[in-house]
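The values are calculated or read from the model by the stated rules, or taken from the named source; none is laboratory data. Keep in mind that this is a model prediction, so the values were computed, not measured. Cβ sites come from the backbone with ideal geometry, for glycine too, and all protein chains shown count toward neighbours.
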Amino acid sequence: MRLRQLYEMAVARGIESDPRGAAGVERALRETRKAWDDLPERRRWEFDAESLSNPFADTRILLGDPELEVATVLVGVDMEVGEMLLADRLRERGTAIDLVLAHHPMGRALADLGDVMAVQADVWRRCGLPISYGEAVMAERMQEIRRAFHAYNNEEAVDAARLLGLSVMCCHTPADNCVQRYIQDRCDQLGEDATLGELMDMLKSIPEYREATIRGAGPILFQGEDGRRTGRVLVEMTGGTSGPKDAVKRLAEAGVGTIVDMHMDEERRKVAEEAHINVVVAGHHASDSLGMNLILDEWERAGVSLLACSGFIRVSRA
Ligand SMILES: [Fe+2]
């Protein structure tokens, strides 16, 4: 398969599972097109033209010819300078690595991470939070994230890969959309009268979470007790990074009984405790792996072989 085809497959899977729905993604792409049309000619060089067809700013081919034929991919959650050297070492020892694939974004895909966060407003809307609230607080939080990453050395690993002659791609929100949909469907099947213990058991029956449990990083009950019922469950695994902490309280008021997240900081956990909302933290790398696997199964079916590293747990459902 060519690199461009693999990239397009990943974007297509991301759109299919997007919480905004196909119409919502179309709407976002139309807005991007309008921003481009409205931009004066003298400023168009600043515009990321890829965003006209790919609605995920954190998913890009960062290095390499899109027409490159790809047979073997080194895949990891975080591909840093060490992993680039690892790819080079493996090549030197005779393993042909055609592509380095990271889950977490790098380069401009990381600098623009804030752009993918708007989708959280659509996730909350499904639980009854007004879109006006979601859009207002997310706009603020997106600016905060953009400022936070502005001073960051986003290009470090990409520069190393360039010197080593590696091709690099990152795939973030499409994978997170896939895991979001997958886990939300499984929670909906359990129903609102299931206990937190039953929810934990369901998660641990999924191979990625089972393996993560053995590794000491599986699902944990952050807030709540085993025998209590979950009530309405909201999975919050997509949208770039954590949203504003006030949203946890608003979700409790809107009738959400349990939040299932990849990770949650102490500040948000305390808000959850005060609001009497249960929190299940499914595990960061296992959740990222599950999302990636749901996309990579298609790559595998297309004949690509995968080598896992950097916290990525490969499970094939192909
Ligand atoms: Fe992640």
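Just one of the listed residues (V75, V100) is in contact with a Phe, Trp or Tyr (Cβ under 8 Å, 6 or more places away or on another chain), part of a strand (DSSP E or B) and modelled with pLDDT of 95 or more, and it is V75. Evaluated against (1) in a helix (DSSP H, G or I); (2) touching a helix residue (DSSP H, G or I) at 6+ places or on another chain (Cβ under 7 Å); (3) surrounded by fewer than 22 Cβ atoms within 10 Å (Cβ to Cβ), Y209 falls short on exactly one condition, (3). Is there a residue being within 16 Å of the ligand (Cβ to nearest atom), surrounded by fewer than 17 Cβ atoms within 10 Å (Cβ to Cβ) and under 30 Å from A111 (Cα atoms) anywhere in the stretch 158-172? No: the stretch 158-172 contains no residue that is within 16 Å of the ligand (Cβ to nearest atom), surrounded by fewer than 17 Cβ atoms within 10 Å (Cβ to Cβ) and under 30 Å from A111 (Cα atoms). Please verify whether the stretch 34-44 includes one or more residues that are assigned to a helix (DSSP H, G or I) and either closer than 19 Å to A157 by Cβ or outside the structural domain of R162 (by TED's automatic domain parsing) (or both). The answer is no, given that none of the residues of the stretch 34-44 is assigned to a helix (DSSP H, G or I) and either closer than 19 Å to A157 by Cβ or outside the structural domain of R162 (by TED's automatic domain parsing) (or both). The residue that is modelled with the lowest pLDDT, counting only those in the stretch 300-318 that are under 24 Å from S205 (Cβ atoms) and assigned to a loop (DSSP other than H, G, I, E, B), is A318. Applying a threshold of 6 Å to beta carbon distances and a minimum spacing of six or more residues, or different chains, the list of pairs starting in the stretch 163-175 at a residue that is within 21 Å of H284 (Cβ to Cβ) and ending at one that is at pLDDT 95 or above and of a type in the set (D, E, K, R) reads H172/D58; T173/D58; P174/R13.
Scanning the stretch 302-318 for any residue that is surrounded by fewer than 22 Cβ atoms within 10 Å (Cβ to Cβ), charged (D, E, K, R) and in contact (Cβ under 8 Å) with a residue 12 or more places away in the chain turns up at least one such residue.
Selection of the stretch 7-20 for residues being out of contact with any Cys (no Cβ under 9 Å at 6 or more places or on another chain) and in a helix (DSSP H, G or I) yields E8, M9, A12, I15. Evaluated against (1) at positive phi; (2) assigned by TED's automatic domain parsing to the domain that holds L74, M292 falls short on exactly one condition, (1). When only residues in the stretch 270-284 that are within 12 Å of E253 (Cα to Cα) and assigned to a loop (DSSP other than H, G, I, E, B) count, which is nearest to the ligand (Cβ to nearest atom)? Step by step, filter the stretch 270-284, then rank; the result is I277. Count of the stretch 183-214 residues, restricted to those that are closer than 19 Å to V256 by Cβ and touching a residue at least 40 places away in the same chain (Cβ under 8 Å), is 10. Tallying residues that are in contact with a strand residue (DSSP E or B) (Cβ under 8 Å, 6 or more places away or on another chain) and polar (S, T, N, Q) within the stretch 264-291 yields 1.
Taking the condition under 16 Å from Q184 (Cα atoms) and modelled with pLDDT under 95, does T258 pass? It is false that T258 is under 16 Å from Q184 (Cα atoms) and modelled with pLDDT under 95.
Can you pull out every residue in the stretch 1-52 that is hydrophobic (A, V, I, L, M, F, W, C) and in contact (Cβ under 8 Å) with a residue 24 or more places away in the chain? If the condition is that a residue be hydrophobic (A, V, I, L, M, F, W, C) and in contact (Cβ under 8 Å) with a residue 24 or more places away in the chain, then M1, L3, L6, M9, A10, V11, I15, V25, A28, L29 are the ones that fit.
Taken together, A109, A87 contain a single residue that is touching a His at 6+ places or on another chain (Cβ under 8 Å), in contact (Cβ under 8 Å) with a residue 60 or more places away in the chain, closer than 30 Å to A308 by Cβ and in a helix (DSSP H, G or I), which is A109.
Scanning the stretch 256-269 for residues that are within 15 Å of the ligand (Cβ to nearest atom) and crowded, with 18+ Cβ neighbours inside 10 Å yields V260, D261, M262, M264.
Of the residues V158, V137, which single one is over 22 Å from E50 (Cα atoms), assigned to a helix (DSSP H, G or I) and β-branched (V, I, T)? Unique residue meeting the criteria: V137.
The sole residue among A217, A275, A252 that is touching a His at 6+ places or on another chain (Cβ under 8 Å), without any contact (Cβ under 8 Å) to a residue 40 or more places away in the chain and surrounded by fewer than 23 Cβ atoms within 10 Å (Cβ to Cβ) is A252.
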